[in-house]
Amino acid sequence: MTALPDMAWRLDHPWLPLTPPMTSGTTSRSGVITDRIVAQFGLDTGKRWQKLVEQLAGGLTKVSTYCNIWLNDITRALGCEVPRWWLVGAELKQLSANDQVRWLQRDGRKHGWRECTPFEAQARANLGHVSVVGWINPEVHPVTKRELSGHVALFVPDNGEAGLFIAQAGLTNFSRGTLTSGFGSRNVVCFTHD
């Protein structure tokens, strides 16, 4: 693990790869290390993961969120990357939150991930094992017929409090909040990295 010199490394542009100064590998894990690595991102204020609200013609509003980019940034810093780009056939595809959950289900085991319960994910996050949560949105856009984005987040240590805790980028960004504040009552799937 390296020390945090300043915030110059924190790029605002979500399409550029991010390499934070403080990282960990799979051999140096603890809840304290996870908390420090999450904190360095300044998730609550970082422009890179802030939602983008656009006013479209006809009074319509488009909201773009970046939970998939946050999940890639943080898991990369924690040494067990959930990819943002993946080769699908002959095409390099940017993975949405739905795609990242599908990747974890389909390819995750080959990369050290396994499915678990939310309670196991929290218990392992408390020990510093990387655990994530996701939801695949089953809805499609009525006009474009494209699937609507789901959501992904990282479990963070509970620091002795009762409950399930995550860090997320999305409609609201936070470094520590409850699982239900990020996902509501949606049927989520959880994964942990061994």
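The values are calculated or read from the model by the stated rules, or taken from the named source; none is laboratory data. The shown structure was predicted, so the numbers you read here are calculated from the model rather than taken from an experiment. A quick note on method: Cβ atoms are made from the backbone with ideal geometry, for glycine too, and the neighbour counts reach across all protein chains shown.
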query: What residue, of Leu71, Leu43, Leu11, Leu18, is modelled with pLDDT of 80 or more and part of a loop (DSSP other than H, G, I, E, B)?
result: Leu43
- request: Give the residues of segment 31-73 that are farther than 13 Å from Val152 by Cβ, among the β-branched types (Val, Ile, Thr) and either in contact (Cβ under 8 Å) with a residue 40 or more places away in the chain or out of contact with any strand residue (DSSP E or B) (no Cβ under 8 Å at 6 or more places or on another chain) (or both), sorted by residue number.
  value: Val32, Ile33, Thr34, Ile37, Val38, Thr45, Val63
query: How many residues are free of Cβ contacts under 8 Å to residues at least 24 places away in the same chain and assigned to a strand (DSSP E or B) if we restrict to segment 118-142?
result: 1
task: Answer yes or no: is there a residue in segment 104-117 that is surrounded by 22 or more Cβ atoms within 10 Å (Cβ to Cβ), within 15 Å of the chain's Cα centre (by Cα) and assigned to a strand (DSSP E or B).
output: yes
- line: The residue that is surrounded by the most Cβ atoms within 10 Å (Cβ to Cβ), considering only those in segment 143-162 that are in contact (Cβ under 8 Å) with a residue 60 or more places away in the chain and either touching a Pro at 6+ places or on another chain (Cβ under 7 Å) or not in a loop (DSSP other than H, G, I, E, B) (or both), is Val152
statement: The correct count of residues that are of a type in the set (A, V, I, L, M, F, W, C) and either within 11 Å of Gly134 (Cβ to Cβ) or in contact with an Asp or Glu (Cβ under 7 Å, 6 or more places away or on another chain) (or both) in segment 167-194 is 6
- prompt: Is it true that some residue in segment 24-34 is modelled with pLDDT under 85 and more than 20 Å from Gln122 (Cα to Cα)?
  reply: no
Segment 118-134, subset surrounded by fewer than 22 Cβ atoms within 10 Å (Cβ to Cβ) and of a type in the set (Gly, Ala, Ser), residue nearest to the chain's Cα centre (by Cα): Gly128
- request: From (1) touching a residue at least 60 places away in the same chain (Cβ under 8 Å); (2) over 20 Å from Phe183 (Cβ atoms); (3) part of a helix (DSSP H, G or I), pick out the condition that doesn't hold for Arg76.
  value: (1)
